[in-house]
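Each remark here refers to the structure printed beneath this line.
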Amino acid sequence: MTLALAAPLPLGTHEVWPPVVLAPMAGITNVAFRRLCREQGGGAYVCEMITTRGIVERIPKTLKMIAFAPDEDFRSLQLYGVDPDVTAAAVRMIAEENLADHIDLNFGCPVPKVTRRGGGSALPWRRRLFGRIVAAAVVAARPAGIPVTVKMRKGIDNKHLTYLEAGLIAQEAGVAAVALHARTAEQRYSGTADWDAIATLKQALDVPVLGNGDIWEASDAIRMVEQTGVDGVVIGRGCLGRPWLFADLSAAFAGRPAQALPTLGQVAAIMARHARLLVDALAGERHGCADFRKHVAWYLKGFPVGGEIRRALAMVSSLAELDDLLDRIDPNLPFPEEALGQPRGRVNAPGKVSLPYGWLNSRDDDTVPEFAEMDNSGG
Ligand SMILES: Cc1cc2nc3c(=O)[nH]c(=O)nc-3n(C[C@H](O)[C@H](O)[C@H](O)COP(=O)(O)O)c2cc1C
């Protein structure tokens, strides 16, 4: 039995089932992490943010980040751009070189380095520029049948909300869906996501709406669909150190009970696999293990594992060392239930949004902001 209120999410000719999307997360959702999550359940799995300029200028580091596994049948690529022409050129290149099956546009990044120059979550305020960028991407993607989606925040702050207008502009431009991380840029990752705003956006649009923010368990995803009527959910921090959340989500949307929570031994096996996938993806044991370190605390959250092993794992530099350390923890420890439903990953304080001089005074100015494409740190 499938959940009566949820249907597959159409993105172009592709149907995403369950209607669950792994949120793009810079430094996290690389080919290794996506594979780990994909092995657990269905859905769409978005890569790390890629800059349009990096693509157009064929910057080797950027092109290397566009890595999909041969069995990724729906290659979701997130693009960050501020210039309609550069965005169009990047999308044309993606289409002509068959680099992706779906393009998501990032208008949610709250990082000061980006907003200070008018990029990311600052950009929808300049509604004409926003519309031109989205339209440029849609038009360039159309001949290849690549669906384009937009991911945005509620606005800059509570006095400068943009999501409803931006949703309508994106719909008018021809996007396949709109995703809302229901926080303002000012909130960054603090407080709670405003699911009422997601419901309001859903009411206002005809294209599918995806809700994002504070889904920590599969039951939260179902609750979001029930409360807001959204067509799908986007999951970011909830799956950090818990790729099996996608199995729980698949079960929940199919109306099946969740699988048993993993013991520490089962978590350790996933950690060992994650590290190996990273070693393969990053072409080297040293790089792969160094990248794996950031995941250690998320995997062990709530488990009574001593500080010494935790510290050693967080500095691991080879797979042999990792295996040795993982052998030293008690595999029979049950999953710590108190860690369920709890925030993980970034939970920082709100902060005033840095913007270019005069940004808020001229909504219809569609001048392309300068130097706003330098950062790669996501949103
Ligand atoms: C480490 C990290 C990196 C992120 N990078 C991006 C990014 O590159 N592009 C983007 O649109 N959002 C990015 N985000 C935001 C997430 O996609 C998501 O919108 C946000 O975490 C809220 O969802 P959640 O409550 O499920 O975590 C990032 C979030 C985190 C924690």
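Considering only beta bridges that DSSP places wholly inside segment 65-167, some 10 percent are antiparallel.
Each peptide in 135-144, 189-198 receives the mean, over its residues, of other Cβ atoms within 10 Å, and ordering these scores from highest gives 135-144, 189-198. In order along segment 57-72, phi translates into HN-Hα couplings of 8, 6, 5, x, 4, 5, 4, 5, 6, 7, 10, 10, 6, x, 8, 7 Hz, rounded to whole numbers, per the Karplus curve 6.51 cos²θ - 1.76 cosθ + 1.60 with θ = phi - 60° and x for Gly and Pro. Based on DSSP H segments of at least four residues, each scored -39500 (n - 2.57), the chain has a per-residue ellipticity at 222 nm of -11000 deg cm²/dmol. Indicate, rounded to the nearest 5 percent, the antiparallel portion of the DSSP beta bridges found entirely in segment 1-142. Taking every DSSP beta bridge with both residues in segment 1-142, the antiparallel ones total about 25 percent.
With the alpha-carbon atoms of segment 291-351 aligned to their principal axes, the span from lowest to highest coordinate is 41, 27, 16 Å, starting with the largest. Here the 3J(HN,Hα) profile of segment 298-312, calculated from phi with Karplus coefficients 6.51, -1.76 and 1.60 at θ = phi - 60°, is 5, 5, 8, 3, x, 6, x, 10, x, x, 5, 5, 4, 4, 5 Hz, Gly and Pro shown as x. Projected onto their three principal axes, the Cα atoms of segment 161-260 cover extents of 43, 29, 20 Å, largest first. With Cα atoms as the point set, the chain shows a radius of gyration and Dmax of 20.2, 61 Å.
The apolar share of the surface of segment 52-129, taken as the fraction of accessible area on carbon and sulfur atoms (1.4 Å probe, ligands and nucleic acids excluded), comes to 50 percent.
Could you let me know the centre-to-centre spacing of segment 90-141 and segment 156-186, using Cα atoms, in angstrom? Value for the Cα centre distance between the two parts: 13 Å.
How do the peptides 275-281, 67-73, 241-247 rank, highest first, by the average count of neighbouring beta carbon atoms within 10 Å per residue?
Highest mean packing first, the order is 241-247, 275-281, 67-73.
Ligands, DNA and RNA are left out, and with a 1.4 angstrom probe the accessible area of the chain is 41 Å² per residue.
Counting DSSP beta bridges with both partners in the chain, what percentage is antiparallel, nearest 5? Mind showing how you got there, number by number?
Details: 4 of 35 bridges.
So the antiparallel bridges in the chain amount to around 10 percent.
The values are calculated or read from the model by the stated rules, or taken from the named source; none is laboratory data. This is a predicted model, so every value here is computed, not measured. Heads up, the Cβs are rebuilt from the backbone with ideal geometry, glycines too, and the neighbour counts pull from every protein chain shown. When the accessible area is computed, the model is the full protein with side chains, heavy atoms only, and any ligands, DNA or RNA have been set aside. Shrake-Rupley method; radii C 1.70, N 1.55, O 1.52, S 1.80 Å.
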